[in-house]
Amino acid sequence: MVKTGFKNILQILIILIFNNFLASLHAQNLAENKIVNDTISKSDTVVLKKEQLEAVVKTKAERIRNDIPKKMTYLNKNAQVKYQDLTIDADYISIDWDKSLLFARGELDSLGKITKPAVAIQGGKSYEYDEFTYNIKTRQAIAFNARTEESEGVIVAEKTKKYNDSVFFMKRGKYTTDEYFIKKKDTIADYYLLAPNIKLIKGKNKSQVITGPIQMYIEQVPTPLIMPFAILPFSDKRSAGILIPSFGEREDVGFFLNSLGYYQPIGEHFDLKILADIYTKGSWNIKPEVNYKKNYKYTGNFSADVGTTVRGIKGLDDYSKTGTYRIAWRHQQDSKANPFLNFSASVDVVSNKFYNNTVNNNYAFNQNNLNAQQNSTVSVVKRFLTLPITITGTSSYSQNFSTGLADLKLPVMNVAINQFYLFKPKTGIRQGLLENITVNTGLNLNNYVQTDEGELFTKAMWEKMQTGLKNNITLGTNTTIAKYFTFSVSANVDNALTTKTLTRNYNPITNKVEDILNNKIAGYSSFSTNTSLQTVLYGILNFKKNSSIQAIRHMMTPQIGFSYSPDFSAASFGYYKNYFNDRGEMTPYSIFDRGIIGTPNSGLVQALSFSINNNLEMKVKSKKDSTGTKKLKIFESLNFNTNYNFAAPKYKWSMFTFNGQTTLFEKLNLNTSLTLEPYQIIFAPGSDIGIRTENFGHFSVQGFNAQLSYPLSEAIFGEKEALSKKYKTKGEIRNEDYYFDDDNYSHFNQPWSLNINAQYGYTRSLTRFGNNVASLGLDGSLKLSPFWNITGNLYYDIVTKEIATTQLGFSRDQRSFTINFNWIPYGQYKVYDFFIGIKANILRDAVKYKDRSFTQPNAPF
């Protein structure tokens, strides 16, 4: 009995000692225990041995249960575990202290589905999971239905394994940048990229995703946009990447992939892009491009476009194979870099058949394929802080595709002296003719040659090169006479030298006039002067107070002038010579014709000029205007010009020209011009070329042009304003305002614009029958819905009765990306082109063929 009692006491002491050990182990947590409504809220801190963990594991939950024999801790409801920089929040968490494993699960509904995910925060980054298993010692983890936000997007994977704090492996991962899905406004992303295997690598300043085969899904529907692999860099820095092409079909060259390529940044200031166009009928194109930029210094790029265009079927008559090339350089200096020295370049060197044969569809969509000429310029401008001089050096190259000839100026230097007053008063207040005399002068050096592609920079080209030096001095002054008249006087002096002179002869064998350029230095000096007198007259016609028209105002600006220039065709000057034409008539010509310094005036000029400028406005009553009236422009300008040369041996009157511009109905813009021949033109029987007589007063139309444009939009008819007034209930769907009627049907604004353009031109020029040009054009846009937009243009040639240009574009806004479709249904370049453009910067170029630039730093692979 004694033995039994002693044994029981010993057991009780052992239990008390063990419980005392547990109590001391959890003393701090037990002190914080609270009982609220029979629910125990506990907070435990478990300090393990140093050889096991490197820090304290802190736990918290509404209900905590410790299973000592199994070395387990269970946390329920608002459970939280903190270990080093890792914080886990979940509905349920269990900790296996023996295996150092932590399991977390989100909140379940009655059917066992996760309604609220578990959340882990590490290094300031948040991760969401349905279920999550984490090894506290190795810091490795496995998660199911993990959601990870990276840069502008989010990755959702069925299974994720965390290898360490920097490397994650995922199975069946979906990546999207849909902001509605990211902000959980929508449970389904409007698009995503799906990859069966994903590797996420995290760094201090850069993270990136590496995938196996990856495919785009739109509204959960798979698309043919598939890549064998992808690398998505989540960084503000530029990264290398594959550029996804657009695709479509062009009638003459077949189906295509357009602008498939690769992007590679080179250092801080350069990047390289190589694009390729591939067509099913054998055509191809390669487009390398190097961009460069240095902040506050300069920006520019070098690019090339080389390819072969194949049309038709080999062996048949319609087969053709044409090689094309284009080399371009753009450079722009920042104005802040050096205000006294500026360099810029815009260089385009292309083959003559480039624009008509290139398979690059961008030239068709922006209508560059209609170019008849290509110009290139390189310029340097030098200014001085203390000298009133500006020196400009340029080199230019101009190609004419119709003639195959090119004009090369290499180089041209212009020295301009800033305008100054010859007799500037000390007080700074200028009065009278003398004190208002201004002087403009400068020196121009020009080297010019016209050649073809085969002669460029050869000996033949240098032999044709002309060099010219020209100085111009212009004096001008003005003053006011009798308060209402402005009197102006100017004089112009030209001095010129050239290395080429012209000899012209008629060759009776070939029946042609032949020009021979001689290597001879020659020059000329010329002089001219002009005076003018101008005033402004106003006339106002007032109407009765009850009249809808209140007044009409007419402003007229008449001007009369006189110009004088000596006859430099006189033999004493030596500037002009004669040759006998095919009819044996002596015909004068200037030895400076076909030169680069111009020619001095031939014939004495003593001409009196007349011009009248008119402006006509009307003031009418208006209830919409706060003043009760508004102005309407009848004619913004209506001008007339002609002159009479007293010294001319015949045809003393010049052409009578009229031009006008007005805006009718506040929207209809009208520009017109008219040229009248004052002398009678007669035609010999059977001849279509007329002869100008000296019979004055028989006016005939030699030219007429009229351009009309009328812009229309929904704002003109007040549709936008009426919609908000018509429906009282307002809502918002995807950042767009809707208005709901009584039946809860939604209505939204449909902005649209339509520009109507019409042009008519007529030219005669001594011919019996003139030439007519007439066209009608339409261009506009229509927003069918808040997310559908249509743009297009149509130009119809009325004379030839053919459609000249037509282009249609469709775009669909899918929240995080846009779908664009461009189509040219008529003409030589019948083509359609389709591409997808992601709005997020991180994927802006990954699934769109648009150019990269330094302003778009995120360049996915």
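For region 108-140, filtering for residues that are among the small types (G, A, S) and closer than 18 Å to V209 by Cβ leaves 2. The residues in region 612-647 that are closer than 20 Å to F658 by Cβ and acidic (D, E) can be counted, and the count is 2. Scanning region 763-791 for residues that are within 17 Å of Y710 (Cβ to Cβ) and not aliphatic (A, V, I, L, M) yields S775, G777, D779, G780, S781.
Residue by residue, here is whether (1) more than 27 Å from the chain's Cα centre (by Cα); (2) under 26 Å from G731 (Cβ atoms) holds:
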| site | (1), (2) |
| --- | --- |
| R764 | yes, no |
| G777 | no, no |
| S781 | no, yes |
| N789 | no, yes |
| D813 | no, yes |
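Residues that are touching a residue at least 24 places away in the same chain (Cβ under 8 Å) and not polar (S, T, N, Q) within region 202-221 comprise K202, G203, K206, V209, M216, Y217, I218, E219, listed in sequence order. The listed residues are K353, K336, K321, and the only one of them that is over 18 Å from the mean Cα position of the chain (by Cα) and under 27 Å from G267 (Cβ atoms) turns out to be K336.
S525 meets all of the listed conditions (1) surrounded by fewer than 15 Cβ atoms within 10 Å (Cβ to Cβ); (2) over 25 Å from A648 (Cβ atoms); (3) over 44 Å from the mean Cα position of the chain (by Cα) but one, namely (2). Among the residues of region 633-650, some residue qualifies, meaning at least one is surrounded by 15 or more Cβ atoms within 10 Å (Cβ to Cβ), of a type outside the set (V, I, T) and either in a loop (DSSP other than H, G, I, E, B) or out of contact with any strand residue (DSSP E or B) (no Cβ under 8 Å at 6 or more places or on another chain) (or both). For residues that are part of a strand (DSSP E or B) and surrounded by 19 or more Cβ atoms within 10 Å (Cβ to Cβ), tally how many sit in region 143-192. Final tally of qualifying residues: 19. Does A551 qualify as being in contact with a strand residue (DSSP E or B) (Cβ under 6 Å, 6 or more places away or on another chain) and more than 19 Å from N613 (Cβ to Cβ)? Taking the combined requirement at face value, the residue satisfies it. L433 satisfies every condition listed in (1) closer than 30 Å to K577 by Cα; (2) modelled with pLDDT under 90 except (1). Taking the criterion of being within 23 Å of F487 (Cα to Cα) and of a type in the set (A, V, I, L, M), would at least one residue in region 453-469 satisfy it? No: zero hits. Answer yes or no as to whether A104 is within 19 Å of K60 (Cα to Cα), aliphatic (A, V, I, L, M), in contact with a Leu (Cβ under 8 Å, 6 or more places away or on another chain) and in a strand (DSSP E or B). No, not satisfied. Exactly one residue out of K125, K159, K77 is modelled with pLDDT of 90 or more and under 30 Å from I838 (Cα atoms): that is K159. Candidates Q750, Q759: the one that is in contact with a helix residue (DSSP H, G or I) (Cβ under 8 Å, 6 or more places away or on another chain), assigned by TED's automatic domain parsing to the domain that holds I824 and either among the charged types (D, E, K, R) or surrounded by 14 or more Cβ atoms within 10 Å (Cβ to Cβ) (or both) is Q750.
Take A195 and tell me if it is part of a loop (DSSP other than H, G, I, E, B), of a type in the set (A, V, I, L, M, F, W, C) and surrounded by 22 or more Cβ atoms within 10 Å (Cβ to Cβ). No. State all residues of region 425-466 that are without any contact (Cβ under 8 Å) to a residue 24 or more places away in the chain, buried (at least 16 other Cβ atoms within 10 Å of the Cβ) and over 25 Å from Q399 (Cα atoms); if no residue qualifies, say none. Scanning region 425-466 gives R430, E435. Assessment of region 258-272 against the conditions (exposed (fewer than 15 other Cβ atoms within 10 Å of the Cβ), farther than 29 Å from F354 by Cα, at pLDDT below 80 and out of contact with any Cys (no Cβ under 7 Å at 6 or more places or on another chain)) yields no matching residue.
Yes/no per residue for (1) hydrophobic (A, V, I, L, M, F, W, C); (2) at pLDDT 85 or above; (3) over 21 Å from N542 (Cα atoms); (4) touching a helix residue (DSSP H, G or I) at 6+ places or on another chain (Cβ under 7 Å):
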position	(1), (2), (3), (4)
I612	yes, yes, yes, no
E617	no, yes, no, no
S622	no, no, no, no
T627	no, no, no, no
F635	yes, yes, no, no
N639	no, yes, yes, no
T642	no, yes, yes, no
N645	no, yes, yes, no
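Among the residues making up region 82-101, those that are over 12 Å from T59 (Cβ atoms), assigned to a strand (DSSP E or B) and of a type outside the set (D, E) are L86, Y92, L101. In region 530-541, the count of residues that are over 30 Å from N645 (Cβ atoms), in contact with a Ser or Thr (Cβ under 7 Å, 6 or more places away or on another chain) and not aliphatic (A, V, I, L, M) is zero.
Candidates L497, L475, L533, L469: the one that is farther than 25 Å from V605 by Cα, surrounded by 14 or more Cβ atoms within 10 Å (Cβ to Cβ) and not β-branched (V, I, T) is L469. Just one of the numbered conditions (1) under 30 Å from N338 (Cβ atoms); (2) touching a residue at least 60 places away in the same chain (Cβ under 8 Å) is not true of I389: (2).
Name the single residue, out of those in region 356-372 being more than 22 Å from the chain's Cα centre (by Cα) and not in a loop (DSSP other than H, G, I, E, B), that is modelled with the highest pLDDT. This residue is N357. Restricting attention to region 330-344 and to residues that are assigned to a loop (DSSP other than H, G, I, E, B) and of a type in the set (A, V, I, L, M, F, W, C), the residue that is nearest to F302 (Cα to Cα) turns out to be A337. The criterion of being of a type in the set (V, I, T) and either closer than 26 Å to E453 by Cα or out of contact with any Lys or Arg (no Cβ under 8 Å at 6 or more places or on another chain) (or both) holds for T386.
On the stretch given as region 172-215, residues that are at pLDDT below 85 and touching a Pro at 6+ places or on another chain (Cβ under 9 Å) total 4. State yes or no: is Y589 hydroxyl-bearing (S, T, Y), under 30 Å from Q450 (Cα atoms) and buried (at least 16 other Cβ atoms within 10 Å of the Cβ)? Here the answer is yes, as Y589 does meet what is asked. Report, by residue number, each residue of region 592-611 that is hydrophobic (A, V, I, L, M, F, W, C) and surrounded by 16 or more Cβ atoms within 10 Å (Cβ to Cβ). Scanning region 592-611 gives F592, I596, I597, L604, V605, A607. Only one entry of E289, E268 meets the criterion of being in a loop (DSSP other than H, G, I, E, B) and of a type outside the set (K, R), and that entry is E268.
The values are calculated or read from the model by the stated rules, or taken from the named source; none is laboratory data. From a predicted model like this one, the values you see are computed outputs, not experimental measurements. Cβ sites come from the backbone with ideal geometry, for glycine too, and all protein chains shown count toward neighbours.
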